[in-house]
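I have placed the structure first, in the form of structure tokens, so that the comments after it can refer back to it.
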Amino acid sequence: AKKHGWSAQAFHSRVDAKGASVVLVKVKGRWIGGYNPRGWASLGGSRSSVAAFLFYQKLIGWQKLRVARTGSMACGRDEFDAGIYFGADSLVIPLIGQRPKSVASRLGFYYESGPENKSTMLPRAGEDATASELYVISGVYAKGEEIPNSGGISELGFY
């Protein structure tokens, strides 16, 4: 985001139709993030997947948090004017308004709370935080190579 801008439009211009993506965000010196196997396409609605997951940095190593329910909304909103949403509120970086670097995380409904029974991936429960760094890594494909889940048609079950 530092290079391309902290806005939903800049985000979508770089990731839409690029396939699976990994989001890494640094909050108060610690890394948190998520894996979106469906990617983004700015077609509206949600792109669900039971293969999506969140993760956070521990003192030693990383903790993975799996989808807690059927996968509905697991990858979250896919709106052209919205930022990064995993679940409705499991990991949210809106990239809009007065606080585009705002980060919110509420665990337990869309994603599991993990072995530590955390209610958030952020340093303090009940408080939003501010991102100091944000990276989104999307698939790299050769010219003409098919990009899995790059469009909305697969949402309808047509492959």
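The values are calculated or read from the model by the stated rules, or taken from the named source; none is laboratory data. From a predicted model like this one, the values you see are computed outputs, not experimental measurements. Please note: Cβ atoms are built from the backbone with ideal geometry, for glycine as well, and neighbour counts cover all protein chains shown. Remember, those area values only see protein heavy atoms, side chains included, never the ligands or the DNA or RNA. Shrake-Rupley method; radii C 1.70, N 1.55, O 1.52, S 1.80 Å.
Let me check something: with ligands and nucleic acids excluded, how do 50, 140 order by accessible area (1.4 Å probe), largest to smallest? The partial results should precede the final answer.
On the way: 50 105, 140 135 Å².
Ranked list, largest accessible area first: 140, 50.
Assuming R0 = 22 Å, what is the FRET efficiency of residue 127 and residue 3, from their Cβ-Cβ distance, to the nearest 0.05? Could you put the intermediate results ahead of the total?
Numbers: r = 28 Å, r/R0 = 1.28.
After rounding to 0.05, the efficiency reads 0.20.
Please report the relative contact order for the range 1-78, taking Cα pairs under 8 Å with a sequence separation of at least 6, and give it as a percent rounded to a whole number.
Values: 140 pairs, mean separation 19.4, N = 78.
That works out to 25 percent.
State the extension gain, in nm to one decimal, for the chain segment bounded by residue 63 and residue 98, taking 0.36 nm per residue of separation less the distance between their alpha-carbons. Could you put the intermediate results ahead of the total?
Values: separation 35, 0.36 × 35 = 12.60 nm, distance 3.12 nm.
So the extension gain works out to 9.5 nm.
Given the pairs 18/101; 18/58; 101/143, which are separated by over 27 angstrom at their Cα positions? List each step's numbers first, then the result.
Values: 18/101 23 Å; 18/58 30 Å; 101/143 33 Å.
The answer is 18/58; 101/143.
Send over a whole-number figure in Å² for the accessible area per residue of the chain, probe 1.4 Å. Each step should come with its number before you reach the end.
Details: 8570 Å² over 159 residues.
Counting only protein heavy atoms, the per-residue value for the chain is 54 Å².
Given the C-alpha centroids of the range 21-85 and the range 115-142, what is the distance between them in whole angstrom?
Here the two parts' Cα centres lie 8 Å apart.
For the range 1-109, which chymotrypsin sites (Phe, Trp or Tyr not before Pro) are both in a DSSP coil and crowded by at most 16 other Cβ atoms within 10 Å?
Details: sites: 6, 11, 31, 35, 40, 53, 55, 56, 62, 80, 85, 86, 109; in loops: 6, 80, 109.
In loop regions of the range 1-109 (DSSP not H, G, I, E or B), the sparsely surrounded chymotrypsin sites (Phe, Trp or Tyr not before Pro) are 80, 109.
Taking Cα extents along the principal axes in Å straight from the coordinates, which label in (i) 51, 35, 26; (ii) 44, 34, 28; (iii) 90, 28, 23 is the correct one?
The value matching this structure is (ii).
With all protein chains present, how much of the accessible area of the range 1-121 (probe radius 1.4 Å) comes from carbon and sulfur, to the nearest whole percent?
51 percent
Sort 12, 4 by accessible area with a 1.4 Å probe, largest first.
Working: 12 10, 4 85 Å².
If we order 12, 4 from most to least accessible, we get 4, 12.
Which order do you get for 46, 105 if you rank them by accessible area with a 1.4 Å probe, largest at the top?
Values: 46 45, 105 0 Å².
The most accessible residue leads, giving 46, 105.
Leaving out ligands, DNA and RNA but keeping every protein chain, what accessible area does residue 14 have, in Å² rounded to the nearest 10, with a 1.4 Å probe?
130 Å²
Given the options 146, 79, 112, state which has the largest fluctuation in a GNM of the chain using a 10 Å cut-off (strictly under) for Cα springs.
146
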